[in-house]
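Worksheet for the structure shown next.
The values are calculated or read from the model by the stated rules, or taken from the named source; none is laboratory data. Computed from a predicted model, the values in this text were never measured in an experiment. Here the Cβ positions follow ideal geometry from the backbone for every residue, glycine too, while neighbour counts run over all protein chains shown.
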């Protein structure tokens, strides 16, 4: 059944390729061992400069991006970048499995044989030793260990005070204004069918979903994969098929190596975005999540508590048990 | 010069070239073997790049697949070539293209010069070496391994199974005692030529050709037959992980490598530019030679293996989710579950916290209205919410988070039959749980409520049923928690012994006799109330036997021992 589903998603992605218009294709410059980054964005122009800066520093060699109907000029900015290949579409994000169909096609076309990082523009990937070892070191080590996929927890970051007061400016590191997080309120269960862990919790679950925890957003992701053209992500990057790729955790008590995606969603652009996305209803569950944020005072929440932790570095996350070095030393 | 080097190069040939230049620069002649997997064009370029060095020779190329004979054959030929062309050599050092000399070659030469007769080769018998891949230790010498473990794992495993089933056993050549050890050795010319010129070498070679991972056993075994002085350790710092795969060194290992004072390290990540820039570094002082000391590096890598295999107990995360938590426990540290005490003792939580010198004593964490954290706050450590729906969505994670977030601070909380009961099994199977129960204590709040008797009766029956079910779980053979159950009647008669053991448990040290006794709730008339319930047909059997007239029951101090379930 899962094989059928995988075929179906692939076929669908192949069909949806027609929705993509090539804007700038620099993929000929991709070398065999290059690390690729796949990303869909919409009206994120303000975030793009730092996004590129961060991932270039981590050692991403080429960005493969889809612009979904931006009106803020972010697409033009991205197209100018020498290491970006850009496609564009005005089709529905929701109908394209929240952008996954487009990326699945591009991954099939360009990702085969590469380590591929799939993230959103507001997600910053950290992993053990990321301050001293580039992504290629992680990729090489995973290759040598016969590991094909790498798991990460989405860690929601927020400012100390109302979100609207965390004023973000283009080019700025969002962690300068929003660097607090919840360290120990994550709830995990196992999805037997897809074999992935289902992680919920963090600031979003306690602040927005305390009454309806089953609807709290999933925080488990498999963002870094040695791509093969047979693979496909299922629901955002929470799950990937074949399902063996979701086994990024140890079941006998040991710790596998894992990372975190620092999620800098809660900055001053958040309130407007929540309202816009709630009306658009293009996100998962018809934008239920955004509906929840946009309601009343919650469009400008203050997520900070006296138990919030301030982000320092990956070693702090390791001590807190939010990522693990595993066997990588 | 007294030392020659054999280099086995596989990938990252530019780095291999860099290492070779270091060796030659230090005056050592080098014979290079390049894996046959490297394509001819790349090989030619490599040979050209080194053509300016007349101390470098290339030996005949073999296909070197991990764990196969090719590596040994390559080493044999390269070593023979090296010794033939340089009769002055006293020691031969085996290194790879991913090896980096950490100290000047001259320091290695001095070190070996002072130990002219010593063979440095890690070599121990299979009984003593636990690091084996695939669970094969002795069997790697008694079975045949014609298939590649890397490329044809299934056929490999299947063929091993068949041989095990058929009780197949190869005969080990006479005189040979299998030894294993690090592939990277440094042998004296005398020992090495004795190995290569051994009249029985064809027999040995034929045998080892089908042994699994012969590069870790051929020289290690045969050297035992010829050497006069073996020092069983490698001069190359090379660490292996739990899968038998070498750890790689990166820029951030600079300090660790430096501290190790080893002569050579393997494997260096080809793009660790900084390491290639700063090493080799001199260690010797004018009047003192410094020997290798890899113990701190050993510790770092041993920790990595522990983390990968055992992990941190009580941690649930994206890369650790034990599905065998019945066996290994669900929490990080001991904690106390207290049931019924708040009913019998006035302001029990405050008293306990004070008596234990500021112990963390929560209220009913699993109460229906909310989680009553010790400071009565809505958000507690780690961002845990007091919201009951959120807590009951995954009570197991709620508890394991609480204990994980407060490692180092003993947690105690109240529990009772009015609380969420779904975590009973989890606590029962958790060897960190210390559960103390005054059974039937829930009756007191009903007794004090003075409500409609028929409602009380119904509620009493409900609570008794819940507590009874809980006690049944705690008495099951699967229970690993430390459980202490005492009936209300017994507790009222002699409370101090139970309280003392709880205080000891929380303060985690033996405590002097309790200075201040807690104030007990007045229970005058409870005996009569219980009798009334009995008369109505509801038998409160969990409370124990109260005399009908309980007016001065608290003054009766008989030495009743609480019974331990486990």
- Query: Of everything in the stretch A:209-235 that's within 14 Å of another protein chain (Cβ to nearest Cβ) and closer than 30 Å to residue B:306 by Cβ, which residue is surrounded by the most Cβ atoms within 10 Å (Cβ to Cβ)?
  - Reply: A:221
- Message: Out of everything in the stretch A:160-208 that is within 14 Å of chain B (Cβ to nearest Cβ) and in a helix (DSSP H, G or I), what residue ends up being surrounded by the fewest Cβ atoms within 10 Å (Cβ to Cβ)?
- Response: A:208
- Task: Mind telling me which of the residues B:482, B:450, B:513, B:475 ends up being in contact with a strand residue (DSSP E or B) (Cβ under 7 Å, 6 or more places away or on another chain) and either modelled with pLDDT under 90 or closer than 24 Å to residue B:423 by Cβ (or both)?
- Result: B:482
- Query: How many residues does the stretch B:538-548 hold that are more than 15 Å from residue B:447 (Cα to Cα), assigned to a loop (DSSP other than H, G, I, E, B) and modelled with pLDDT of 90 or more?
  - Reply: 1
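When the stretch B:345-388 is examined, which residues are found to be in a helix (DSSP H, G or I) and touching a strand residue (DSSP E or B) at 6+ places or on another chain (Cβ under 6 Å)?
B:349, B:352, B:353
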- Message: Here is a check on your reading of the model: is residue B:419 surrounded by fewer than 14 Cβ atoms within 10 Å (Cβ to Cβ) and in the same structural domain as residue B:344 (by TED's automatic domain parsing)?
- Response: no
- Taking the stretch A:130-139, which residues are crowded, with 21+ Cβ neighbours inside 10 Å and in a loop (DSSP other than H, G, I, E, B)? A:130, A:133
- Item | Output for the stretch A:20-49, where each listed residue is assigned to a loop (DSSP other than H, G, I, E, B) and farther than 24 Å from residue A:270 by Cβ | A:20, A:25, A:26, A:30, A:31, A:32, A:33, A:34, A:35
- Task: Scan B:292, B:282 and give me the residue that is surrounded by fewer than 17 Cβ atoms within 10 Å (Cβ to Cβ) and more than 14 Å from every other protein chain (Cβ to nearest Cβ).
- Result: B:282
- Would you call residue B:338 away from every other protein chain (no Cβ under 14 Å), in a helix (DSSP H, G or I) and crowded, with 22+ Cβ neighbours inside 10 Å? no
- residue B:421 passes all but one of (1) in a loop (DSSP other than H, G, I, E, B); (2) at pLDDT 95 or above; (3) under 26 Å from residue B:356 (Cβ atoms); which number fails? (3)
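Test residue A:57 against the stated conditions and say whether it is assigned to a helix (DSSP H, G or I) and within 21 Å of residue A:173 (Cα to Cα).
Answer is yes for this residue.
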- Query: So which residues in the stretch B:136-157 are under 33 Å from the mean Cα position of the chain (by Cα), surrounded by fewer than 15 Cβ atoms within 10 Å (Cβ to Cβ) and over 22 Å from residue A:145 (Cα atoms)?
  - Reply: B:138, B:144
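Yes or no: the stretch A:236-246 includes at least one residue that is free of Cβ contacts under 8 Å to residues at least 24 places away in the same chain, within 13 Å of another protein chain (Cβ to nearest Cβ), in contact with a strand residue (DSSP E or B) (Cβ under 9 Å, 6 or more places away or on another chain) and assigned to a helix (DSSP H, G or I).
Filtering the stretch A:236-246 down to residues free of Cβ contacts under 8 Å to residues at least 24 places away in the same chain leaves none.
No, every residue in the stretch A:236-246 fails to be free of Cβ contacts under 8 Å to residues at least 24 places away in the same chain, within 13 Å of another protein chain (Cβ to nearest Cβ), in contact with a strand residue (DSSP E or B) (Cβ under 9 Å, 6 or more places away or on another chain) and assigned to a helix (DSSP H, G or I).
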- Given (1) closer than 30 Å to residue A:1 by Cα; (2) within 14 Å of chain B (Cβ to nearest Cβ), residue A:314 misses just (1)
- Determine which member of the set B:275, B:237, B:256 is within 11 Å of another protein chain (Cβ to nearest Cβ) and either surrounded by 18 or more Cβ atoms within 10 Å (Cβ to Cβ) or in a strand (DSSP E or B) (or both). B:256
- Task: Within the stretch B:397-415, track down each residue that is part of a helix (DSSP H, G or I) and out of contact with any strand residue (DSSP E or B) (no Cβ under 9 Å at 6 or more places or on another chain).
- Result: B:400, B:404
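Given the structure, is residue A:61 farther than 22 Å from residue A:94 by Cβ and buried (at least 18 other Cβ atoms within 10 Å of the Cβ)?
yes
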- Run residue B:165 past the list (1) under 30 Å from residue B:229 (Cβ atoms); (2) out of contact with any strand residue (DSSP E or B) (no Cβ under 6 Å at 6 or more places or on another chain); (3) at pLDDT 85 or above and report the number of the one that doesn't hold. (1)
- Item | strands (runs of 3 or more DSSP E) enclosed by the stretch B:1-94 - at least 1 residues per element that are more than 37 Å from the chain's Cα centre (by Cα) and within 30 Å of residue B:141 (Cβ to Cβ) | B:3-9, B:30-34
- Task: Run down A:254, A:259 and say which single residue is within 11 Å of chain B (Cβ to nearest Cβ), in contact with a strand residue (DSSP E or B) (Cβ under 8 Å, 6 or more places away or on another chain) and surrounded by fewer than 23 Cβ atoms within 10 Å (Cβ to Cβ).
- Result: A:254
- Query: Of everything in the stretch B:295-335 that's loosely packed, with under 13 Cβ neighbours inside 10 Å and either part of a loop (DSSP other than H, G, I, E, B) or at pLDDT 95 or above (or both), which residue is farthest from the other protein chains (Cβ to nearest Cβ)?
  - Reply: B:324
- Query: If we keep just the residues of the stretch A:140-159 that are surrounded by fewer than 16 Cβ atoms within 10 Å (Cβ to Cβ) and in a helix (DSSP H, G or I), which is nearest to the other protein chains (Cβ to nearest Cβ)?
  - Reply: A:144
- Task: Would you confirm whether any residue within the stretch A:289-297 is over 17 Å from the mean Cα position of the chain (by Cα) and touching a residue at least 60 places away in the same chain (Cβ under 8 Å)?
- Result: yes
- Among (1) without any contact (Cβ under 8 Å) to a residue 60 or more places away in the chain; (2) under 30 Å from residue A:149 (Cβ atoms), which single condition is residue B:332 missing? (1)
